[in-house]
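The values are calculated or read from the model by the stated rules, or taken from the named source; none is laboratory data. Not measured: the values here are computed from a predicted model. In this analysis, Cβ positions are derived from the backbone assuming ideal geometry, glycine residues included, and neighbour counts consider all displayed protein chains. Side chains included, ligands, DNA and RNA excluded: accessible areas come from the protein's heavy atoms. Shrake-Rupley method; radii C 1.70, N 1.55, O 1.52, S 1.80 Å.
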Amino acid sequence: MALIPSSHQQQLKQFQTRFIEYVSKPSVSYTWYFFIILFFFTLVLFPTIFVLIYAVLEFVIIQSEVLSNPTIMSEILEALMYSIAVSVTITIVDLIFGLPIAWILVRKEFRFKSILNSIIELPLAVPTAGLGFSVALFWGVTPNVPVKPFFALNFVRDALPILILFHFTTTFPYVIRSLAAILDEIDITLEIAARTCGASKFTAARTVTLPLFRSGVATAMVLSLAKSLSDTGGAMTVLATIGSLKQTSTVLIGNWKGDYQHAIAAGKEPLGYLLPGMAFASVLMICIALCLVFLAKILAKQAKLPFRRVFPSIEWRISEGTAPQARSILSFGFLVFFVLIPSFFLVLYIFQGISIEKLLTADWFLFSQSILLSVIVATVATLVNVCLGVPMAILITRKNHPFSRILDALVDIPYVVPSAALGFSVGLFWTTQIIFPPNELFFVIMAHISMTFPFIVRNTIGGLAELDPAYEDAARSLGARPIQAFHHVTLPVVKFSIIAGAIMSFTRSIGETGATLAVSPESITAPVFIVALITGAEPDYFFAALTTVILILISSLLIFVLRAKVTKKGKRKA
Amino acid sequence: MVKAHIEIQDLNKRFGKLYAIQDFNLEVERGEYVVILGPTGAGKTTLLKLIAGLVKPTSGKIYKNGELLNNIPPERRNMAYLPQTSDYSLFPYMDVWENTVFSPKMKGDKPWEEIIALGDEILDLVNLRTRYNAYPHELSGGMMQRVALARAMAADADIFLLDEPLRALDARLRIRLRTEIRKLVSDLEKTTFHVTHDQEEAIAVADRVLVINEGKIVQFDIPEEIYDYPSTLFAAYFFGTTNLVLATRARNENNGEVVQAGEHEITIKPKDIIRSFDKQESHSDEEIVLAVKAEKILVTPLIRTKPESQFKVNIFEGTVEQAFFLGKWANLAVQVEGLSKKELHVSIPSSDLHQYNVGTKVRLEIPSENINYFFEPWEVAKRLEMT
């Protein structure tokens with residue numbers, strides 16, 4: 001272990017020492033944290049809600065062009081109703097099925113548990129635009145699709161049920177994951193204590209664990225509400241595949257932004273109602289999203305479930321004998337049938353529809369360009385977020401400041417705001433500002449940064465919360481500068497959380513349609529490309545499916561590489 | 001004038017409206033072993049963190065060798081803080097060697113060869129050289145404790161701040177390690193602050209004990225003084241097994257003051273009154289609380305034939321209600337008819353236990369010099385006994 005340092009190494013070490021001394025100066029660290037807060041407020045939070053300010057300033061135009069125009073108003077309201085109906089239904093369905101499945105995943109031991117645990121995450125890697133097509137193909141009546149796969153159920157005709165089925169597929173894995181993670185933290189000994197006092201398994205779980213689980217339920221509700229309210233690309237492809245002309249509000253914003261941009265590109269004055277209409281719809285969506293999330297949190301905390309009453313005979317019956325076994329199998333089957341098969345149904349479609357001719361005629365140039373663009377946007381957004389989100393998380397958890405709590409609440413806002421509204425708002429902000437030269441790619445990246453910022457921060461906060469600050473205290477007291485304590489003591493523990501956040505951020509960004517479309521319909525990222533292929537005048541379903549699969553492969557590869565790298569270094573984990 | 005190693009002046013720390021530390025003033029000499037003792041939530045850990053610089057004081061000053069520390073960050077105070085976690089805050093991703101040389105490596109002021117020599121020397125000192133590549137989770141509690149000490153010693157700090165260093169160990173190991181730590185840091189002439197809530201541990205190792213409660217200093221003195229002459233009711237009750245007897249003032253007599261405890265009169269030494277008066281403002285009420293340690297009550301089986309001397313005071317008759325065998329010592333719970341306290345606890349050597357069965361009549365004598373007493377409302381005593 002004794003290496004005699006060469007002069008080069010010595011120089012490096014000197015540089016390192018000087019760097020550490022420099023960043024440990026109070027003025028430098030204050031400036032850095034000030035910069036983080038400034039960045040968050042001006043470039044993440046403010047653009048996200050910029051549309052609210054716009055709506056107040058330009059209220060006269062909204063009044064004359066939108067509020068007094070009944071056809072436009074009814075179009076906006078109808079779309080909104082669809083969005084609300086879908087997301088509320090989905091939230092309830094997610095909870096009803098999510099609780100038992102999360103329960104089984106955490107508390108039960110069975111043969112396929114580890115497999116189930118890993119495949120449950122798979123649908124998260126599928127970009128929603130492709131997922132929408134896949135789900136529609138499985139459930140829906142698809143008049144325009146030339147080759148129908150063998151096992152397609154082919155019976156859902158209406159927009160509402162297919163949207164619900166689709167969003168179930170997209171939100172359910174998230175809900176399960178978060179419920180399971182929180183359930184895992186609840187001490188099982190409480191339940192055991194209840195059972196030694198004579199309660200059946202079911203009674204113990206219901207009366208002891210469930211009340212402790214309210215925060216988990218609230219988180220899951222917020223997750224599924226936010227996710228289902230904000231999806232754009234998936235809804236577009238679902239509706240296009242079954243040939244429905246209905247719109248959700250995100251689809252509406254995406255379409256109108258497209259119309260607006262086309263008009264400008266063609267050198268024409270865009271229709272007067274488009275811009276104020278989008279702004280109005282965005283404002284409504286932001287308000288509705290915030291209200292629903294607020295409501296969900298209150299509901300989860302205040303709802304009076306029948307915790308007190310106990311029904312011993314019934315509850316004993318469902319706790320014993322074949323009932324639990326049946327429940328496990330039922331949940332497992334449910335998961336496979338409603339989530340996994342619909343998610344990957346398009347793979348079957350590719351195998352059936354593949355032909356040399358199709359591969360040759362496809363537009364490979366646009367294809368590779370879109371993939372490249374997606375990867376660039378997702379990578380840059382994720383890197384920026386890691387650099388700025390981690391200090392933000394430290395600021396929130398470790399600096400004991402009243403300001404921290406406010407930041408903690410504000411960080412989630414970009415997550416709750418539906419991504420199409422977010423994209424529109426960010427786009428509006430960047431085209432309104434005069435400091436930076438307009439650059440569509442830059443705007444798209446900024447929108448993606450805003451959108452995925454909460455993922456990194458939340459995950460890092462979770463990791464930091466698990467590490468007792470005592471370790472950092474000890475390190476500081478033993479002579480480590482703050483940055484050294486972070487590097488040597490904190491980072492080895494929280495890097496898993498940071499990587500998990502980066503993976504979430506990357507997959508979310510690479511699969512995002514709505515935000516991209518609403519910022520700049522010109523930027524053809526891969527999901528936008530997929531949507532264009534499916535919703536276009538001459539849909540090319542096969543190529544859309546292929547693009548989706550390739551996108552999945554890229555995401556999975558990245559996840560695999562990152563995980564492998566982490567576990568190789570993390571072998572020493574206690 | 002020689003400066004105190006650590007001097008604390010008017011130190012206050014408030015969390016919201018709650019005072020964690022209130023009006024602390026104390027001086028600690030170089031090489032002193034100070035045990036900070038108090039119940040949970042008394043402010044012990046906060047005091048350590050204030051000294052270490054991990055928490056900023058609301059007001060007040062901390063000096064080290066006469067140098068003001070308030071604006072010096074923790075890493076520049078040259079102290080070694082050992083937080084209260086079950087694994088002694090050993091860094092879980094580093095092995096014993098990396099943990100040991102963490103501090104010199106971070107400080108970066110020594111060449112590598114010197115660090116290696118130092119690390120080897122210290123690991124030898126704590127007998128862990130053979131386990132240099134073990135990870136903390138592979139070590140026993142006692143070994144982890146020694147690694148933590150090694151890490152602190154390698155920091156070459158002149159002040160050790162140990163927060164419940166023996167918390168996670170079993171009873172026998174605690175006793176062995178507390179003397180080991182004590183010897184190690186005293187040999188190195190380190191000034192040490194050692195936090196505990198175990199009064200026995202405090203008395204066993206401390207040069208001086210700092211008793212704190214609810215953020216305030218109760219008493220700061222050598223163990224013998226605190227044990228025999230507690231300055232407050234709290235300190236009196238905190239050490240050993242203490243009987244608190246509620247009484248009212250009756251009259252003065254030539255051999256002391258007489259107080260009324262239930263139907264009995266008890267004579268107490270004026271000397272003790274003066275001691276106890278020191279800090280307390282006279283309480284307008286007539287209520288007095290007497291504190292008597294269990295081992296300071298003399299007990300003998302009652303022999304009817306022998307008449308009591310006229311001049312003896314504080315003699316009571318009682319019945320043994322319960323007897324507890326505690327190993328070397330035994331405790332008797334004795335009921336004295338008419339006394340304001342239901343049961344008096346009396347310590348005796350276990351070898352005498354055979355003389356006392358449940359129901360045995362006994363004679364108790366409480367020499368008046370063994371009684372500490374406090375002009376505090378009875379409420380205070382009742383509250384102490386409730387908790």
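Quick rundown of the values:
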{"item": "DSSP beta bridge pairing in the protein assembly as shown, given as percent antiparallel to the nearest 5", "result": "75 percent"}
{"item": "Inter-centroid distance (Cα atoms) of segment A:4-48 relative to segment B:3-17, Å", "result": "32 Å"}
{"item": "Sequence-separation-based contact order of chain B, relative, with Cα cut under 8 Å and 6+ spacing, percent", "result": "15 percent"}
{"item": "Exposed-site-free run, longest, chain A (rule: chymotrypsin sites (Phe, Trp or Tyr not before Pro); DSSP loop; at most 12 other C-beta within 10 Å)", "result": "A:308-574"}
{"item": "Greater than 29 Å apart at Cα, pairs in B:K341/B:K361; B:K312/B:K361; A:K246/A:K301; B:K3/B:K107", "result": "A:K246/A:K301"}
{"item": "Residues whose placed amide H lies under 5 Å from that of B:L210, excluding near-sequence neighbours", "result": "B:V35, B:I36, B:L37"}
{"item": "Per residue value of the accessible surface for chain A (all protein chains in place, 1.4 Å probe), Å²", "result": "47 Å²"}
{"item": "Area accessible to solvent at B:D352, 1.4 Å probe radius, in Å²", "result": "50 Å²"}
{"item": "Over 23 Å (Cα to Cα) - which of B:K216/B:K382; B:K296/B:K382; B:K216/B:K269 fall in this group", "result": "B:K216/B:K269"}
{"item": "Complex-versus-alone comparison for segment B:30-59, residues with a loss of 30 Å² or more in accessible area, probe 1.4 Å", "result": "B:L54"}
{"item": "Buried area at the B-A interface (accessible, heavy atoms, 1.4 Å probe, summed, Å²)", "result": "2800 Å²"}
{"item": "Largest-first ordering by accessible area, 1.4 Å probe, given options B:S351, B:S231, A:S556", "result": "B:S351, A:S556, B:S231"}
{"item": "Distance from segment B:143-161 to segment A:234-270 (C-alpha centre basis), Å", "result": "67 Å"}
{"item": "Distance (nanometres) between label positions extended 7 Å along Cα→Cβ at A:L38 and A:T322", "result": "7.0 nm"}
{"item": "Relative contact order of chain A, pairs being alpha-carbon contacts under 8 Å that are 6 or more residues apart, as %", "result": "23 percent"}
{"item": "Accessible area in the full protein assembly, largest first, 1.4 Å probe, for A:H262, A:H488", "result": "A:H262, A:H488"}
{"item": "The protein assembly as shown - percent of accessible surface contributed by carbon and sulfur, probe 1.4 Å", "result": "61 percent"}
{"item": "Listed pairs B:K105/B:K190; B:K293/B:K328; A:K399/A:K565 exceeding 28 Å between Cα atoms", "result": "A:K399/A:K565"}
{"item": "Gap separating the Cα centres of segment A:167-204 and segment A:390-450, nearest whole Å", "result": "34 Å"}
{"item": "Calculated [θ] (222 nm, deg cm²/dmol) that DSSP helices of n ≥ 4 give over the protein assembly as shown, each run adding -39,500 (n - 2.57)", "result": "-17000 deg cm²/dmol"}
{"item": "Residue-by-residue Karplus 3J(HN,Hα) for segment A:228-241, coefficients 6.51, -1.76, 1.60, Hz, glycine and proline x", "result": "6, 5, 9, 5, 10, x, x, 4, 4, 6, 4, 5, 5, 5"}
{"item": "Segment A:461-559: relative contact order as a whole-number percent, Cα under 8 Å and 6+ apart", "result": "19 percent"}
{"item": "Fraction of beta bridges assigned by DSSP in segment B:156-227 that are antiparallel (%, nearest 5)", "result": "50 percent"}
{"item": "Accessible-area order (highest first, 1.4 angstrom probe) of the listed residues B:D156, A:D412, A:D94", "result": "B:D156, A:D412, A:D94"}
{"item": "Solvent accessible area, Å² - A:C197, 1.4 Å probe, full protein context", "result": "110 Å²"}
